[in-house]
Structure formats: C-alpha cells, structure tokens
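Quick notes on the structure that follows.
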Amino acid sequence: MTEATTDEHRSGATVDNSPEETPARIHIVVTCANRKNLPVPAALRVGALSDYLPRQRLAEWIRRLSEPDRPSTAATSLYAGEHWAAARQLATSVRVEAQLWVCSAGYGLIPATAHVRPYAATFALRDGDSVGRSSTENRDWWRGLSEWVGPEPGAPRSFYDLARTNPDDTIIAVLSDTYLRPCSDDLRRAAGQLRDPQRLTIVGPAQADPDLNELVVGVTARMRPAVGGSLLALNVRVAQRLVGLVTADSGTHRRSHLRALAHELAATAPPPTPQAHRERMTDDEVKAFIRPLAGAGPTSATRLLRQLRDSGKSCEQARFKQLFDEISLDVRC
C-alpha cells in the first residue's frame with residue numbers, strides 16, 4: 001500500500017476511481033437567412049435553372065456552387081438581418097461547448113464556419129428561387145444535397161449524419177415551418193441515432209408537422225413580449241433564452257426540460273402591448289402629408305410612414321410607398 005493510499009485510509013477519505021463523464025457538446029442548427037451581405041451572381045439563383053428538368057436542376061446547382069476559384073466567405077459573415085444577428089449569438093449563449101450549424105436550401109447542412117458563395121435558394125413554395133414546386137420536391141432536394149460532399153469535406157451533411165457521428169451530444173434545431181418540412185424525415189431518423197433521443201429538440205412552430213410533434217418545443221407569438229424583436233426572429237430569440245439555461249448537467253439538455261422552460265416562458269410573458277387606434281387617411285390626405293416633407297430634403301418612405309403613424313394616423317405600407325414614389329417624382333421634376 002502506498003504512502004498516499006495509507007494517508008487516505010487514515011483520514012477516512014474515499015477514492016472514486018470511476019471515469020469522469022465527458023460533458024456533451026451542443027450542436028445548434030439554425031435556418032439560413034434570405035438576406036446576404038454580398039451580391040448574388042445571376043448564375044447562383046435557383047431561378048436561373050428554370051430550363052432544367054427536375055432531375056438535372058440539383059446536379060447543375062451543385063456544379064455551379066463547386067466551381068473553383070470563385071469568391072466565397074464564411075457562412076457566419078454571408079447572412080444578414082435580425083434573424084441571423086440573433087442566430088450568431090446562440091453558440092455563445094450556452095455555458096458548455098457548442099457548435100453552430102446552418103440549415104440551407106442552397107448548401108444543405110453546413111458548419112457556420114464553412115466558406116460558401118453568395119446564393120439565392122429557398123424551400124418556400126412559389127418563390128422565384130424555390131428549389132421545389134411541392135413539398136415532395138423539397139424533401140428530394142434536401143436528400144440530394146446531403147449526398148453531396150459540400151463545402152467542407154468530412155463534415156456531417158444531414159441531421160442523421162450529425163447524430164450518428166455524435167451519439168452522446170445534444171442537437172437543437174431552430175427551424176421555421178418552411179425549412180422544417182423538407183427536413184422532417186431526416187430529423188426523425190436523427191433522433192434514433194442518439195443514445196438519448198431526448199437530446200434532439202426542434203425549436204419552432206407548434207403543429208407544423210404532426211409526425212414531428214414529439215420532437216418540437218413549440219414557439220408561439222405569446223412568447224414575443226418576453227424575448228423582444230420581430231416575429232421574423234422569434235424562433236431564434238426563444239432558442240437563445242432556452243439554451244442560455246443549459247448547463248453541464250445532462251438533464252438540462254433534454255427536450256422535456258427545454259419544453260418545461262418554454263411553457264414557463266409563455267406563461268410568464270407580459271401581455272402584448274395593445275395596438276394604438278389610428279385614423280385612416282385618404283390618398284389625398286397622405287399626399288398632403290408627404291409633399292412638404294419630401295420637398296424639404298432627402299428622406300425615405302419608411303421614415304415618413306413612421307412619422308405619420310406616430311402622429312396617430314394610418315396608412316398601409318404598400319399604399320404609402322406608392323404615394324411616396326409619386327410625390328417624389330413630382331418633387332424631382
């Protein structure tokens with residue numbers, strides 16, 4: 001018996017030789033953003049592939065994204081807007097090791113650090129850059145992207161691969177309805193690859209897909225007063241609040257725990273501020289409001305509409321913009 005061991009026995013100390021549990025990492029996957037910080041080349045718009053047959057479109061799209069010696073930037077720097085500004089803060093909101101990923105209609109699943117080219121692609125139907133004309137085509141497109149090596153060879157290319165290669169980790173997918181549906185099959189398969197299926201959580205719209213309800217922590221407009229921001233960034237802001245409460249305790253990683261936190265957030269959120277009653281204006285009245293302000297110097301429709309609404313008046317944004325453009329043309333002439 002060694003001297004150290006003898007001393008421990010004399011003092012009544014116990015020795016725990018059991019291996020320490022390695023803290024699990026958290027993988028946070030966020031929907032990409034439509035707004036980009038770089039101009040999108042015409043060739044990298046999915047709408048430019050309208051002449052291709054459905055089976056050829058994806059192959060041609062991948063070929064264009066893969067062209068060598070083209071300018072690219074890290075995904076974290078490419079996306080812009082309120083949604084992405086909040087998304088970038090997600091990984092730093094967690095008190096354990098975390099990695100941020102992007103769910104992209106153009107690139108598939110990619111690390112947020114991957115270098116990508118500016119592009120325009122969306123799972124939203126009936127958009128000029130829609131990747132599919134139906135939910136089935138969107139799912140097929142996502143599946144096809146997952147079979148491509150992608151911009152960072154060796155990185156997981158699907159939720160299934162991410163879970164299979166990291167079975168002890170936690171996956172939190174912050175997805176809009178538009179992106180949740182194409183990934184639904186992939187997400188269900190991924191949950192089965194984790195040693196604890198409760199460690200895969202989708203933060204997003206409730207009841208978006210009945211087959212995924214078990215995996216979803218629902219986000220509702222009722223939570224908005226508690227987290228601030230616009231509805232566009234609501235999913236991400238709610239996720240930021242939830243992951244900020246995740247600790248090294250594995251119990252805080254489980255979906256049931258995150259769901260309880262979400263219920264508490266909704267229950268304790270302050271009531272929404274009632275909409276102020278505004279007096280509706282005729283076109284002539286709106287023009288009379290715009291004309292002197294537009295003639296006083298450079299301004300914008302957005303700025304003037306805010307002034308009008310602050311004064312207690314009302315006008316739809318599209319109608320105001322049209323009238324503003326008409327007055328601006330008169331002023332310039």
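A compact table of results
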{"item": "Length gained when the stretch THR113-SER134 is fully extended (0.36 nm per residue, less Cα-Cα span)", "result": "4.5 nm"}
{"item": "Table column - 3J(HN,Hα) (Hz), region 240-249, Karplus curve with 6.51, -1.76, 1.60, x for Gly and Pro", "result": "4, 5, 5, 5, x, 9, 7, 10, 5, 5"}
{"item": "Size of electric dipole in region 188-316: Cβ of Lys, Arg +1 and of Asp, Glu -1, about Cα centre, debye, nearest 20", "result": "260 debye"}
{"item": "Average silhouette area of the chain, convex hull of alpha-carbon atoms, in square nanometres", "result": "26.2 nm²"}
{"item": "Amide hydrogen neighbours beyond the local backbone of ALA173, cut-off 5 Å, H modeled", "result": "VAL29, THR201, ILE202, VAL203"}
{"item": "Unit charges on C-beta of K, R, D, E only; dipole of the chain, Debye", "result": "1180 debye"}
{"item": "Farthest toward positive dipole pole in region 93-179 [+1 Lys/Arg, -1 Asp/Glu at C-beta], among ALA112, LEU145, ALA163", "result": "LEU145"}
{"item": "Peptides ranked, highest mean first, by Cβ atoms within 10 Å: ranges 32-41, 94-103", "result": "94-103, 32-41"}
{"item": "Span from the region 225-295 Cα centroid across to the region 66-99 one, whole angstrom", "result": "22 Å"}
{"item": "Placed amide H near ALA98: partners under 5 Å, 5+ positions off or other chain", "result": "ILE26"}
{"item": "Cα-based reach from LYS313 at 18 Å (exclusive), listing lysines while leaving out same-chain residues under 8 positions away", "result": "LYS287, LYS321"}
{"item": "For LEU109, residues with placed amide H under 5 Å, excluding near neighbours", "result": "SER104"}
{"item": "Accessible area in square angstrom per residue, the chain, 1.4 angstrom probe", "result": "53 Å²"}
{"item": "In sequence order, calculated HN-Hα J values of region 222-236 (Karplus, 6.51, -1.76, 1.60; Hz; x Gly/Pro)", "result": "4, 7, 4, x, 7, 10, x, x, 8, 5, 4, 9, 4, 4, 5"}
{"item": "DSSP beta bridges in region 86-212 [antiparallel fraction, %, rounded to 5]", "result": "45 percent"}
{"item": "Beta bridge orientation in the chain: antiparallel %, DSSP, nearest 5", "result": "25 percent"}
{"item": "Most to least packed among 259-270, 237-248 [average Cβ atoms within 10 Å]", "result": "237-248, 259-270"}
{"item": "Theoretical ellipticity at 222 nm over the chain - DSSP helices of four or more residues, -39500 (n - 2.57) apiece, nearest 500", "result": "-11000 deg cm²/dmol"}
{"item": "Selection of chymotrypsin sites (Phe, Trp or Tyr not before Pro), region 151-225, meeting DSSP coil and at most 15 other Cβ within 10 Å", "result": "none"}
{"item": "Distance in nm between pseudo-label sites at ASP177 and SER72 (7 Å out along the Cβ direction from Cα)", "result": "3.4 nm"}
{"item": "Inter-site label distance for ALA248 and ASP284 at 7 Å from Cα along Cβ, in nm", "result": "7.4 nm"}
{"item": "For region 307-317, Karplus couplings with θ = phi - 60° (6.51, -1.76, 1.60), whole Hz, Gly/Pro x", "result": "4, 5, 5, 5, 7, x, 9, 9, 7, 5, 4"}
{"item": "Apportionment of accessible area to carbon and sulfur, region 71-160, percent (1.4 Å)", "result": "47 percent"}
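The values are calculated or read from the model by the stated rules, or taken from the named source; none is laboratory data. Note that the coordinates shown come from a computational prediction; the quantities given were computed from them, not determined experimentally. Note that each Cβ is placed from the backbone with ideal geometry, even for glycine, and that neighbours are counted across all protein chains shown. Heavy atoms of the whole protein, side chains included, go into the accessibility calculation; ligands, DNA and RNA do not. Shrake-Rupley method; radii C 1.70, N 1.55, O 1.52, S 1.80 Å.
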